[in-house]
1. Checking Ala229 against (1) over 30 Å from Ile291 (Cβ atoms); (2) of a type in the set (A, V, I, L, M, F, W, C); (3) in contact with a Pro (Cβ under 6 Å, 6 or more places away or on another chain), only one condition comes out false. Which one?
2. Which of the strands (runs of 3 or more DSSP E) contained wholly in the range 7-77 include at least 3 residues that are surrounded by fewer than 17 Cβ atoms within 10 Å (Cβ to Cβ) and outside the structural domain of Gly115 (by TED's automatic domain parsing)?
3. Cβ contacts < 8 Å: first residue under 22 Å from Asp104 (Cβ atoms), restricted to the range 159-179; second residue buried (at least 19 other Cβ atoms within 10 Å of the Cβ) and of a type in the set (Ser, Thr, Tyr), any location; separation 6+ or different chain. Result?
4. Name the strands (runs of 3 or more DSSP E) wholly within the range 165-273 that hold at least 3 residues that are touching a strand residue (DSSP E or B) at 6+ places or on another chain (Cβ under 7 Å) and of a type outside the set (Lys, Arg)?
5. Among all residue pairs at least 6 apart or on different chains, which show Cβ distances below 6 Å where the first residue, located in the range 11-24, is free of Cβ contacts under 8 Å to residues at least 40 places away in the same chain and closer than 26 Å to Glu118 by Cα and the second is outside any loop (DSSP other than H, G, I, E, B) and among the aliphatic types (A, V, I, L, M)?
6. If I filter the range 84-106 for residues that are at pLDDT 95 or above, in a helix (DSSP H, G or I) and either more than 18 Å from Pro171 (Cβ to Cβ) or of a type outside the set (Lys, Arg) (or both), do I get at least one hit?
7. Filter the range 1-36 down to the residues that are among the aliphatic types (A, V, I, L, M), at pLDDT 95 or above and touching a strand residue (DSSP E or B) at 6+ places or on another chain (Cβ under 6 Å) and list them by number.
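The values are calculated or read from the model by the stated rules, or taken from the named source; none is laboratory data. Just so we're clear, the structure is a prediction, and the values are computed from it rather than from any experiment. Please note: Cβ atoms are built from the backbone with ideal geometry, for glycine as well, and neighbour counts cover all protein chains shown.
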Amino acid sequence: MKQTPLYQAHLEANGKMVDFGGWEMPLNYGSQIEEHHQVRNDAGMFDVSHMTTVDFKGAEAKKFLQILIANDVDKLKTQGRALYSCMLNETGGVVDDLIVYYQDDENYRMVINAGTTEKDIAWINLQAEDFDVIVEPKLDLAMIAVQGPNARAKVFEAMPGVEDVAGELKPFNAASLGELFVARTGYTGEDGFEIMLPEKSAEFTWKMLLEAGVRPCGLGARDTLRLEAGMSLYGSEMNENTSPLEAALTWTVDLNNEDRHFVGRGALEALRNDGVKKTIVGLVLNGKGVIRDHQKVVTSIGDGEVTSGTFSPTMGKAIALASVPMGTTGSCEIEMRNKLVSAKIVKPPFVRNGKVLV
């Protein structure tokens, strides 16, 4: 299995290491629940160095990204501004979801998922053949996500100089400080930063954050936090056979410029014209139990399936995201151990910035 530059730091912190898409990553450091609450109430950090940073450079970098992803990078006008979107295949399915950062019209940075990196790079290179653009995976970078209501203050304490460039950053913006790239983004529903830095600097930076009181958190807490925040996971809420229109990601698609013929546009327009038949909703279990992935969901207008299920530490209830027939509202039943258990249908997110919203 592959290891990140922080592998030794995880062992020193008694991380429970597991196979995550071919990477040896920490599931937790003792208590997943405590790590979850640490992020909701204070500040926690995650090693996300397994994710891949890709830079796009060249005279046609903007033109290329306008056909590569479903959202329109023409929206990005200021240095460091970020955009969330999906790469689609010709049938409108999601190759991957990603964030792209604007430097200027000839320089962009993208972060893609770990488990899809090889597939993504091959797909990107195939699409780039007819464009004057250099596709440069930055395999020598590490990435640390620091998340929570006190995350920014503790980053500024641990990393001198960062406050000077990132102190006034608005959400979904990034700034550079030498070899550091600091983005005010995250995957937890809390404030904080995702910090890209040379792998040789990762362990020292991790230790400085530890000294500032930022607690290491593993994959387990990252998943319960993102699910409470109603954030989609590639391979669960979306995949190569699911369109963003079917995954409640219509907001990541821009069809305004009729001359922008991005990959998958025709399939999306056909699906929209035919009528989208399913969507993603939130579920809150009315009784006791834990909702699990792939459990059957029974609604008044048809059946669906749980795409991501867990027990919410913040709410003290079982929650889930589920793919159900379009127009499903009110309540439903979930098939659990051959019994139907009632659940309430809600609009995600469940929790944001420490507040329960459903």
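1. Result: Ala229 fails condition (1) only.
2. Values: elements: 16-20, 23-28, 44-47, 52-57.
Passing ranges, in order: 16-20.
3. Going by the 8 Å Cβ cut-off, the qualifying pairs are Pro171/Thr185; Phe172/Thr185; Ala174/Tyr101; Ala174/Thr185.
4. Values: elements: 174-177, 180-183, 192-198.
The qualifying strands (runs of 3 or more DSSP E) are 180-183, 192-198.
5. If the second residue must be outside any loop (DSSP other than H, G, I, E, B) and among the aliphatic types (A, V, I, L, M), the pairs left are Glu24/Met17.
6. no
7. Leu6, Ala13, Met17, Val18, Leu27
For every residue, the table says whether it meets (1) under 21 Å from Tyr234 (Cα atoms); (2) buried (at least 21 other Cβ atoms within 10 Å of the Cβ).
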| site | (1), (2) |
| --- | --- |
| Asn125 | yes, no |
| Phe131 | no, no |
| Ile134 | no, no |
| Ala153 | no, no |
| Phe156 | no, no |
| Pro160 | no, no |
| Gly186 | yes, yes |
| Ile195 | no, yes |
| Pro198 | no, no |
